[in-house]
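Please treat every number below as a calculation from the coordinates, not as lab data. Remember, predicted model here, so these are calculated numbers, not experimental data. Glycine gets a Cβ as well: all are built from the backbone with ideal geometry, and neighbour counts include every protein chain shown.
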């Protein structure tokens, strides 16, 4: 099942890339499409941050991940590189669990 | 230009290391992790798929989220279609490289020949580093018994944050991001894992269409 999902997702992402190069430009140059699509990653990434930080399964939880994302926010504000943001968050969670 | 491409590729290689680590920690095999980087080759979508799976969602909810995040690549394709060949086998290969970084590098050049070169140079170099980084990250965590010990469960939200931050330069995206986070958490207890993301995607699409219709 995992393989099927992975491969279908890969095919879908490739199809979207190819569609941009292949479809008549006027279809995707529609003002509604142009203004809506950039909003999708903003909303989805924010929803992913919220759900991956504040939930386990179907339960809302507040645990060390909240502190970790707080550290990540500081790292982003300091314009730290991607890997530093991720590692600082992981290290925060790991250290707090040791305490 | 090659130096710029290399700089971008090395930075994303490091970012791919974290993808490889997060993906195997989420329960994907080494081969599945590498397949994502070879075949999907669009970072945010890859992180989204393994983020949903790692949080206990079905791989199909993860796949849908990945595809929704990949929709922006279609817009990049429109901008690049005047620069790249519109026909033939080369276009099929070029499509695979239509991502944030290659688009940014290509549209930053004035002359079409330079744009084309920037696109291909960035795409090829990035592809190599992206996949090497993924393999390194996946191997590093492949043998870790409990990812929580290394705080790897806190890594995906931080990765999403680093991807989101550059898109928050104005007030509207910030408001949308905040609302999306709240809506996702409110839905979460009542629907299958991963579905809150799809609800958020539908709502933002409706919002976008209504707003630009005005």
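So the values come out like this:
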quantity	calculated
Chain A - Rg and Dmax from Cα coordinates, angstrom	18.7, 59
GNM flexibility winner over chain B from B:115, B:45, B:82 (Cα, springs under 10 Å)	B:82
Where only alpha carbons of the protein assembly as shown are counted, the Rg and the Dmax (Å)	18.6, 60
Gain in span if fully extended, residue B:212 to residue B:39, counting 0.36 nm per residue against the direct Cα distance	58.9 nm
Convex hull of the range B:168-214 built on C-alpha atoms - directionally averaged projected area, nm²	3.5 nm²
Estimated distance in nm for a label pair at residue A:30 and residue A:4, the labels positioned 7 Å out from Cα along Cα-to-Cβ	3.2 nm
Residue with peak Gaussian network fluctuation, chain B [Cα springs, cutoff 10 Å], from B:84, B:30, B:168	B:168
Pairwise FRET efficiency - residue A:99 versus residue B:143, Cβ, R0 = 35 Å, nearest 0.05	0.85
Radius of gyration, Dmax [chain B; alpha carbons; angstrom]	18.1, 54
Chain B: most fluctuating residue of B:147, B:173, B:157 per GNM, C-alpha cutoff 10 Å	B:173
Within the protein assembly as shown, helix-based [θ] at 222 nm, where runs of 4 or more DSSP H residues each add -39,500 (n - 2.57), nearest 500	-24000 deg cm²/dmol
